[in-house]
Structure formats: C-alpha cells, structure tokens
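See structure below.
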Amino acid sequence: MNTMKRIAYSILASVFVFANANAGELAVTGAAKATYTILSTGSATAGAGDSAGKGLGIANEFTLGASGELDNGWTWSMNQDIDGATVQDDKAITIGMGGMGSFKISISDGGLQKNFSSSQSVYGTPVDNGEGGTYTDAADTGTMNTVRYTTPSGLPLDISASVQYAPGTGQNDNASSNSGGTIDASGYDSAIEYAVSASPIEGLGIGASYFNPDDDNGTSQEAEGGAYYATYAMGPVSVGYGQSFMSASLNPADTGQTESHENTQMSIAFNVNDSLSISYEDIESEQGNQTSTSDITMDVTSIQASYTVAGVTLAVSQEEYDNHDYTSGAEMSETNFAMTIAF
C-alpha cells in the first residue's frame, strides 16, 4: 500500500511541476431518457400476484466536459455530472501522459469492477434495470474519492491494466477542493482495486477485477470482492459469461449473518440488422449464510429488444425474478419501456 501511495504522489507531483494547461474546449453531453416501468410481485407458494406499480420517469443528468493539451504534449480532460435536483457530483480530472499511460483523480466517478462486463443485454443488465431488488455484487471503489493509474494503449494483446486507490472510503460525491475526509460507516480505512482486460484474438475479450479494502472490522473474515468475464463476438452474434464474488466482513461474535455472494451471468445477443437487436440473459446469485441450511439462490432472466431510428433508441425489457430479494418463494416481474435520445 505504501508503494501505491508513493507512485500516486510522484505522478501527481510531476503533473503540476512540469506542465501548464493551455486553453481547452467545453462540451455538454448527455441523454434525454423517458421510461415506463410495470412491476408485479407474487408468491410461488401462494400462486397469487398483485400490482406493485406502474411508473413514468425521465432521467435528469448531463455532463459538462472540458479538454485540452499541456505544454509538454500531455493531454488533460475534466468532467462534471449534474443530475437530479441540479446536484453536482461524479467529477474527475484525467491527465494523459502519452506512452506513460494516464492518471485520474476521481470524486465518486467510477471504479474498475468487471461485474457486468460479460453482459450482452441490448438495454441493460437485468439487475441494473428498474427496481432491481437487493441483488448483491462485488463492491468496488466507484463511489469513493480515488486516484487511478492506467497503462498506455497499444500493448500486446490489447492489454489494459489499472490500479485505483482510495485513501479514505467514506462517500462524499460533492467534495470540492480542500474538503476533508468522510467517515466510512463500513469501517474501511482505505481501499485498493485492480483490473485487467485483454483481447488475445479477434472477437474475444477477457478481463478481471479485484477489490481489497483495508478492513479493520473483519477479524474472522475480511471483506473482499472480485469478478472475471469472457465475451466473444462472431458476425451478428455475441455471447458473454462472467462470475463475481463478494465476501462479507465478519468477526467471531457474528451469528446468523450472510457470509458471501457468488453470481454467475450468461447472455447472448443477436443483431438482426443495423437498427434492431435482441438479447437474452440469465443471472444466478447465490447467497451463502453462516447457517448453511438458509443458503438461497436468486435467479433473474431477461429478454430485451432495442431499435434505433432517426437518432432515437426504443427499448423494451422483460425481467423475471425467482426468490426475489433472496426470499424463498418470492417472485417479481418487471417490464421496462424506454426511449433515449443522446446529445
């Protein structure tokens, strides 16, 4: 960990000592997205269901971006998200160092996790659409304030490797300059995350990530998580397979707690033509508990279609949950209709 700190400080120092920023360009990007979601829940044992709501919504988020070049030939970019109730969050400054890779300072602007990297769903990963439930995946540094190093492009086999360090893991997505740290309720002092991806042959993509927090609470089991994936595309067909894992922080006094989650994703997509795509995805999430007899697996299946015409993307997804929220016999159906216009 001390080595990581020294590398981060050295890169940061070189940026400010040897480079001055030239005037850059400002751009606004985002998407206008309207959705209609229908939920229904039921009990497999009772065989009855009831309406859980029909809702209209419009996404309210856009990104301010700026970019330019430094006097030494390096590049720089900055982004700032503005979303619900004009909240400013998820911001970052990235320094492109040419053949030396890139360095990024992030305020809750994303982690390195590969949890959903296998997904071929044409609208979105099923458990990340609409209601989603209490699906538990590998944790990561995405909501933390971090520094990141990424290797340069052009490496053999298209290898890309990154390491991201969070000196404090408390969440403060509005942190401005000179902000102090934020207390982390989970008890992590700091965290580090690694990721690697490669394309060893045409059409094949592989990768993995690992999350390792400095967990002072877990005296009998420390928290950690990770994921790996593989995807393959051939003509109009693409397939994906991935697994992710998360171990909970436990101590000897804990009883009846959840020990871990192990998730498996399998998906396939077919591009009918340049405008229409369809997909199918299945996710199994096994919750392991200290009492093994209470272990349970939640299963989610999704069929999706996406159609783009005149700059507008229309999508529909249908999700079916068994043992929803890791509750035996609980079922949920979710239908999402979406219209997205990017700008």
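Can you go through 264, 293, 255 and tell me which one is without any contact (Cβ under 8 Å) to a residue 60 or more places away in the chain and either part of a strand (DSSP E or B) or closer than 19 Å to residue 114 by Cβ (or both)? Of the residues listed, the single one that is without any contact (Cβ under 8 Å) to a residue 60 or more places away in the chain and either part of a strand (DSSP E or B) or closer than 19 Å to residue 114 by Cβ (or both) is 264. Restricting attention to segment 289-320, the residues that are at pLDDT 95 or above and of a type in the set (Ser, Thr, Tyr) total 8.
Looking only at strands (runs of 3 or more DSSP E) that fall completely inside segment 1-74, which ones have 2 or more residues that are at pLDDT 75 or above and either among the basic types (Lys, Arg) or closer than 30 Å to residue 98 by Cβ (or both)? So the answer is 25-43, 62-69.
The residues on offer are 270, 337, and the sole one that is farther than 27 Å from residue 227 by Cβ, surrounded by 15 or more Cβ atoms within 10 Å (Cβ to Cβ) and at pLDDT 95 or above is 337.
Inside segment 224-252, residues that are under 23 Å from residue 283 (Cα atoms), open to solvent by less than 50 Å² (accessible area, probe 1.4 Å) and part of a loop (DSSP other than H, G, I, E, B) make up a count of 1.
Restricting attention to segment 306-334 and to residues that are open to solvent by 30 Å² or more (accessible area, probe 1.4 Å) and of a type in the set (A, V, I, L, M), the residue that is farthest from residue 123 (Cα to Cα) turns out to be 310. Condition check for residue 154 on (1) at pLDDT 85 or above; (2) open to solvent by less than 30 Å² (accessible area, probe 1.4 Å); (3) over 20 Å from the mean Cα position of the chain (by Cα); (4) not charged (D, E, K, R): one failure, at (2).
The values are calculated or read from the model by the stated rules, or taken from the named source; none is laboratory data. What you see is a predicted model, and the numbers here were worked out from it, not measured in a lab. Cβ sites come from the backbone with ideal geometry, for glycine too, and all protein chains shown count toward neighbours. Ligands, DNA and RNA are excluded from the accessible area calculation, which covers all protein heavy atoms including side chains. Shrake-Rupley method; radii C 1.70, N 1.55, O 1.52, S 1.80 Å.
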